[in-house]
Amino acid sequence: MRPLTEEETKVMFEKLSKYIGENIKLLVDRPDGTYCFRLHQDRVYYMSEKILKLATNFSRDKLISVGTCFGKFTKTTKFRLHVTALDFLAPYAKFKVWVKPGAEQSFLYGNHVLKSGLGRITENTMQYQGVVVYSMADVPLGFGVAAKSTQECRRVDPMSIVVFHQADVGEFIRNEDTLT
Amino acid sequence: MGRKLDPTNKVKRGPGKKAKKQHGAEVELAKFITDGEAFYLVRFSDENSKWLKPTKGKRKLPEPESGDESEELWEDEDDEEVEEEQQLDDDDDDEMVDDYGTLGSEDEAGEDSDGDDLLPIEKAAKKEKKLKDSMDLESDEEEDDDEEEQKSNADVDEDGTIQTNAEDMDKFRLPTAEESEKEGVLSLDLKTVYQRIKDNIDVLCNFSSKREEGKDRVEYLALLRKDLCTYYSYNEFLVEKLMDLFPLSELVDFLEANEIHRPVTIRTNTLKARRRDLAQALINRGVNLDPLGKWTKVGLVIFDSSVPIGATPEYLAGHYMLQGASSFLPVMALSPQEGELVLDMSSAPGGKTTYIAQLMRNTGVIVANDANKERLKSVVGNIHRLGVTNTVVCNYDGRQFPKVMGGFDRVLLDAPCSGTGVIAKDPAVKTSKDEVDIQRSAHLQKELILSAIDSVNAASPTGGYLVYCTCSITVEENEWVVDYALKKRNVKLVPTGLDFGKEGFTSFKQFRFHPSLRLTRRFYPHSHNMDGFFVAKFKKFSNVIPSAAAGKGDEKTDVAEATEAADSDKASQTKADGSKQNAKTNGAPAKKSGNLKSAEKKDLKAGPKKAKIARMEVKTEKGTEVKKSFSGPKVSTANKGGSKFEKKQGKKTKPSMKNKNRTGKNKFKKMKPKWQKQNKK
């Protein structure tokens, strides 16, 4: 486990800022203690300093996970957000999409959100903006990228894609093995 | 999904899976039986005159047939022959042993004895009532009635039957040797076996009044054991264990409960949702649920559901966790406080870990350990799904633990076990376990509990507690392990804080445990409708490990004792282990008891409470007595065995973790500060 390098930090924060914008600050400077990001076996974990200290007790190969996993660096040094980061993206998300109850299941099986399943969408969402997907009951379901801007969404036909799927909570079951 | 077991309102059931299971097996068997053996199948021949004694000549051959057929009306035809056979045997026995109701007047006897024309069902009901009064149990009752009813329906068709059946029911007799021999060849009809179990238990419960002259209790028990094995398809070993564990009246309840699945229960994740909201959301999805019980505020029981309960959006969003009711208990007993440092020693799949986290409201730190890396994936998944952020997941052998990290405020040890409490979940346990498995897991549990205790920080201002639990119900894996821990470390049992469940045993067969074992709790499928479970809560009152040298000696003797028990039961593997242990202690067999006492006394000095001292002393004396009687002769045999043998065996057995641990533990205390410094650097 080690702190992230400059480069890694930059890549990761760029990615995060697509979803939560300048709210990243709130993740790092928290009133309830110091929190930090650590890299362990290519994965980035977010944890409080207290846990960090305790985690030093465990040897590298025996340590499986600390705090919350945010995502992983691919072999091409790009950063991939995991659905496990959803708990920290959802409260700070700038742009949101709500899906209708009928389309919930479809999204949770890894499909894109279609216009027909779109319940609500934040005003002024730009195309290719990172969005967090909610159910109509305000339960965060995952995140993705807006395929159309809010304006375009009004016009397109019902079967066209409005949000590209990136991660959804269904992965807790589907990809349990690859979460860590 | 699972059915709710409600003893007051039992679902009507037919002959059930069991009856079908053996369908046609008899016919198959008959094909294989050669002429020589087949004389059992040929019903009336002179060959059987050896065992079939001539009656007074009244009885005609076709007589019993009428009865049998009617009884078989709703059974498969395939069974008929065997069934008839069985019926016949019973009749034969009547002639031989029965002292009332001569054969000729069979019909009258049947009617007379019961006075007015009672249908079998009514008689059965009468008898059942008696049984109920005597046994004070209520489940299974209606089920029997149902069966009886069916029987009577069949019987009504032909009149002759009633009496023969009634006769059977009136008095239970042990089958003779020939019959039991025959059963070896032909499998019995399961319904008959079931009835025989019932009757047998009835007799055993009122042994003095209902026994047959000249028959021993042992014979009855042997038959019962055999029948239970047949009917519920257990192996003999496990049935024997269970028979020791439960009063006979409860035994069948327990076995029946193991055939039914426990209800599906879920736990609300209070980090993300409230129970009421969750219940509402699930009801909207077409789930039929109810609060689990008064004792928990987060549990819900699912009766049935139109959607898979493990894949609803609520589940995926982490609003609840699928978790057996029994898994709530150890965490409730642990009652972790906010800001504490807690260790969950064997955490997979994370149900208890996440419950701990939600009780701590995501503060403090939880170390979730498991020895199996594969199973840790589910822990990680569940932790993230439920939004738990204060957890470190690691993959150590639990026995290494105080070396890796110590000083926990609370430790939860959900020890690996033989799983005799969760037979409903995993029926393989019925046949796969034997004495060696139990001894082996008891041994592992003893190692684990010591390292768990050593990981606890007794000086913690809020904690210093250890909860030990297993999903097994054997005494060897529970009370014995707890008692062992009480002897070895400065811990005492404290109330678990669970206001239901049965008290742990303080004495069981040859074992005599510390009286405080009353504070432990046992849970059974038939009485609490949750998996069989055992929970014990310790408070550690001193970090001192009782006198290293003496303590070590003790440990070995105890382990030796453990394995000795296995020895007597043909276990070759453990034998090796045991003799090895013995060899070590052999050096000073005479000193053993002295050693023990001194160890205990040192214990006491360290311990703060005087009141306890008195009790402990009584216990030590008892303990040593037992030990003496145990180890006396065995040690000598081990000596005779000679060192050659021991060495050989010693090589075979893997270098035990325990030994490493033990030497390390003492060193560890000294070394720990150094290591920590290093780590910080």
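Probing with 1.4 Å while keeping every protein chain in the model, the per residue accessible area of segment A:94-173 equals 45 Å². Loop-located GluC sites (Glu not before Pro) across segment B:317-379 with a Cβ neighbour count of 16 or fewer within 10 Å are B:338, with loop assigned by DSSP. Neighbours of residue B:379, meaning other residues whose beta-carbon lies under 13 angstrom from its beta-carbon, give a summed charge of -1 when Lys and Arg score +1 and Asp and Glu score -1.
Here the Karplus curve 6.51 cos²θ - 1.76 cosθ + 1.60, taken at θ = phi - 60°, turns the phi angles of segment A:74-83 into couplings of 7, 5, 8, 6, 8, 10, 10, 6, 9, 5 Hz, with x standing for Gly and Pro. Computed from Cα atoms, the angle from the helix A:6-20 axis to the main principal axis of chain A rounds to 30 degrees.
Summarising the label geometry, the points placed 7 Å from Cα in the beta-carbon direction at residue B:259 and residue B:459 lie 5.8 nm from one another. For segment A:94-173, the calculated P(r) over all alpha carbon pairs, in 5 Å bins from 0 to the bin holding the longest distance, is 3, 19, 33, 27, 14, 3, 1, 0 percent. Interface size, chains B and A: roughly 2800 Å² of accessible area buried, both sides included, 1.4 Å probe, rounded to the nearest 100.
Residues whose amide H lies under 5 Å from that of residue B:396, counting only those 5 or more places away or on a different chain, are B:370; hydrogens are built 1.01 Å from N in the peptide plane. I'd like the FRET efficiency for residue B:222 and residue B:431, computed as 1/(1 + (r/R0)^6) with the beta carbon distance as r and R0 of 25 Å, rounded to 0.05. My answer for the efficiency is 0.80.
Buried on complex formation within segment A:25-50 (loss of at least 20 square angstrom of accessible surface versus the isolated chain, 1.4 Å probe, ligands and nucleic acids ignored): A:50. Of the chymotrypsin sites (Phe, Trp or Tyr not before Pro) found in segment B:314-387, no site is in coil according to DSSP while having at most 16 other Cβ atoms within 10 Å of its Cβ.
Sites counted here are chymotrypsin sites (Phe, Trp or Tyr not before Pro) in a DSSP loop (not H, G, I, E or B) having no more than 13 other Cβ atoms within 10 Å; the longest part of chain A that contains none of them is A:1-108.
Per the Kirkwood formula applied to alpha carbons, segment B:328-458 shows a radius of gyration over Rh ratio, Rg over Rh, of 0.98. 3J(HN,Hα) along segment B:443-460, derived from phi through the Karplus expression 6.51 cos²θ - 1.76 cosθ + 1.60 where θ = phi - 60°, amounts to 5, 4, 4, 5, 5, 5, 5, 5, 5, 5, 5, 5, 7, 7, 9, 5, 7, 4 Hz, with x in place of Gly and Pro. Quick check on segment B:415-496: take the gyration tensor over C-alpha atoms, sort the square-rooted eigenvalues as a ≥ b ≥ c, and tell me if it's rounded (a/c under 1.5), prolate or oblate. Prolate is the answer for segment B:415-496, as a/c is 1.5 or above and a/b outweighs b/c.
The H on the amide N of residue B:343, modeled in the peptide plane, is under 5 Å from the matching H of B:367, B:410, B:411, B:412, each at least 5 residues off or on a different chain. Computed over protein heavy atoms with a 1.4 Å probe, the carbon and sulfur contribution to the accessible area of segment A:87-166 reaches 55%.
Taking a ≥ b ≥ c as the square roots of the Cα gyration tensor eigenvalues, with a/c under 1.5 meaning rounded and otherwise prolate when a/b beats b/c, else oblate, which class fits segment A:22-180? Prolate is the answer for segment A:22-180, as a/c is 1.5 or above and a/b outweighs b/c. Solvent exposure of residue A:40, expressed as accessible area, is near 0 Å², computed with a probe of 1.4 Å over the protein chains only. May I ask you to derive the FRET efficiency for residue A:14 and residue A:111 from their Cβ-Cβ distance with R0 = 25 Å, giving the value to the nearest 0.05? Working from the Cβ atoms, E equals 0.40. Strictly over 21 Å apart at the Cα level, which of B:352/B:537; B:430/B:488; B:191/B:433; B:446/B:540; B:446/B:488; A:62/B:446 would you flag in this model? Listed pairs above 21 Å: B:430/B:488; B:191/B:433; A:62/B:446.
For the residues of B:387-400, the average number of beta carbons from a partner chain within 10 Å of their own beta carbon is 5. In segment A:1-86, Cα pairs under 8 Å separated by at least six residues give a relative contact order of 25 percent.
Which of rounded, prolate, oblate describes segment A:1-86, given a ≥ b ≥ c as roots of the alpha-carbon gyration tensor eigenvalues and a/c under 1.5 marking rounded, otherwise prolate only if a/b is larger than b/c? Oblate, since a/c reaches 1.5 and b/c is not below a/b. May I ask for the net charge around residue B:520, where only other residues with Cβ less than 9 Å from the Cβ of residue B:520 are counted and Lys, Arg are +1 while Asp, Glu are -1? Charge balance near residue B:520 sits at +2.
Give the separation of the Cα centroids, segment B:508-523 to segment A:1-24, in Å. First find each Cα centre; the distance between them is then 57 Å. Of the residues in segment B:402-438, those shielded by at least 30 Å² of accessible area once partner protein chains are present, compared with the chain alone at a 1.4 Å probe, are B:404, B:405. Taking amide H as placed 1.01 Å from N in the peptide plane, the amide H of residue A:114 sits under 5 Å from that of A:162, each at least 5 places away or on another chain. The residues packed around residue B:414, meaning those with a beta-carbon under 11 Å from its beta-carbon, carry a net charge of -1 if Lys and Arg are +1 and Asp and Glu are -1. Counting heavy atoms of the protein chains alone, residue B:359 has an accessible area of about 60 Å² for a 1.4 Å probe.
With an 8 Å cut-off on Cα pairs and a minimum separation of 6 or more residues, tell me the relative contact order of segment A:94-173 in percent.
This gives 35 percent for segment A:94-173.
Computed from the Cβ-Cβ distance with R0 of 51 Å, the FRET efficiency linking residue A:161 to residue B:510 stands at 0.10.
Rounded to the nearest Hz, the phi-derived 3J(HN,Hα) couplings of segment B:536-541 under the Karplus curve 6.51 cos²θ - 1.76 cosθ + 1.60 (θ = phi - 60°) are 10, 10, 10, 10, 8, 10, where x marks glycine and proline. Any idea how far the Cα center of segment B:225-272 sits from the one of segment B:413-473, in Å? Comparing the Cα centres of segment B:225-272 and segment B:413-473, I get a distance of 18 Å.
Contact-buried residues of segment A:54-84, at a threshold of 50 Å² lost accessible area versus the chain by itself: A:54, A:57, A:58, A:62, A:64, A:65 (1.4 Å probe; DNA, RNA and ligands ignored).
Here each label is just a point 7 Å from Cα along the line to Cβ, and for residue A:138 and residue B:209 those points are 6.8 nm apart. Taking 0.36 nm per residue of separation and subtracting the Cα-Cα distance, full extension of the segment from residue A:1 to residue A:176 would add 60.8 nm. The portion of the accessible surface of segment B:471-535 made up by carbon and sulfur, rounded to a whole percent, is 48 (1.4 Å probe; DNA, RNA and ligands excluded).
The values are calculated or read from the model by the stated rules, or taken from the named source; none is laboratory data. Here the structure is a predicted model, which is why all the values come from computation and not from measurement. Backbone-built Cβ (ideal geometry, glycine too); neighbour counts: all protein chains shown. Ligands, DNA and RNA are stripped out before the accessible areas are found, and what is left, the full protein with its side chains, is counted by its heavy atoms. Shrake-Rupley method; radii C 1.70, N 1.55, O 1.52, S 1.80 Å.
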